[in-house]
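Presented below is the structure to which this report refers.
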Amino acid sequence: MVQHNGSPVRCGPQRTAHVTYVTGSNGRFASSTVPVPGTIATPDTVPPRTRVAPRKVYESQQRSLAGVYVPQGMKPVWEDDRLNPQRAHQTFEGKARMEVMWTNTVPRRLIDRRTGGDVIHKYPGLQPPFTSFEDQRAAGVRVATQGRVLSDPQTVRRGTTVTRTATAQSAGNTTVSTRSAPEAVPSASHRYAQAGIFADAEQSKAAAQKIARSGLPARRGTLTRDGRELTLVLAGPFQTQTQLDRGVARLQGLGFSNVKLRK
């Protein structure tokens, strides 16, 4: 132990802690419902916003931080994140957001990189370049949906109602009733209605927000024409012809006079 002005001074890494822990705490961490650091976590065992890290990253950080601390009255030499002990820490909720990405096609599709499948149906109203409703709301973009992720659709087999007439029963024949069958709804001839093509990104963003505020789903895509990158603003997708016709009429009412239909 080194003496300075009659008082002991600690130098270099020490075997004992340089802080005093509160009586009743379990070592370094007070009792709580938060998972103990260093335990294995899965999306099913911890809350979505729990901070986690890949095992190799966590173990490497623990080894590099062993015996390293900033004494009281001192400050770190580097403050540019090179020694950040929280590097690569994440949440399962944030990880799920990072695993989806927009394609650079027209129309743009939202792809889950784990499966390669299109998951846009799970995010009604989500617009590029956002990959979460939270980021989209933070940017001031509003949509006419509840702004929440939906579950994958489930396939349900519908049974056929069968009735028998008195004559048919005696003859052993069956008669199928179609009274409860829904009328066929014509599918849309085109899935999207093009509001316009813009050379200015801010104008295209304003147009998409205007369409979204009117209650229509809006999307943006990019295309190259004569060496220039342009932004395409679309309304849709529409499932039925009635929805498509109403969408075109609403776009024209919003001032988009040159509306074109796109597959």
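At a glance:
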quantity	calculated
Condition met for Q72 (of a type in the set (S, T, N, Q) and touching a Lys or Arg at 6+ places or on another chain (Cβ under 9 Å))	no
Restricting the range 183-202 to residues that are of a type in the set (D, E, K, R) and in a loop (DSSP other than H, G, I, E, B), the residue that is surrounded by the fewest Cβ atoms within 10 Å (Cβ to Cβ)	E183
G125 under 30 Å from I197 (Cα atoms), part of a loop (DSSP other than H, G, I, E, B) and modelled with pLDDT under 85	yes
Residue match in the range 189-211 (condition: more than 22 Å from T105 (Cα to Cα), at pLDDT 75 or above and either polar (S, T, N, Q) or more than 32 Å from the chain's Cα centre (by Cα) (or both))	no
Residues that are out of contact with any strand residue (DSSP E or B) (no Cβ under 9 Å at 6 or more places or on another chain) and surrounded by 10 or more Cβ atoms within 10 Å (Cβ to Cβ), drawn from the range 77-95	L83, N84, P85, R87, A88, E93, G94
Some residue of the range 247-259 being within 21 Å of P124 (Cβ to Cβ), modelled with pLDDT of 90 or more and in a strand (DSSP E or B)	no
Given (1) at positive phi; (2) modelled with pLDDT of 75 or more, index of the condition G24 fails	(2)
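The values are calculated or read from the model by the stated rules, or taken from the named source; none is laboratory data. Since this is a predicted model, take the numbers as computed values, not measurements. We place every Cβ from the backbone using ideal geometry, glycine too, and count neighbours over all the protein chains shown.
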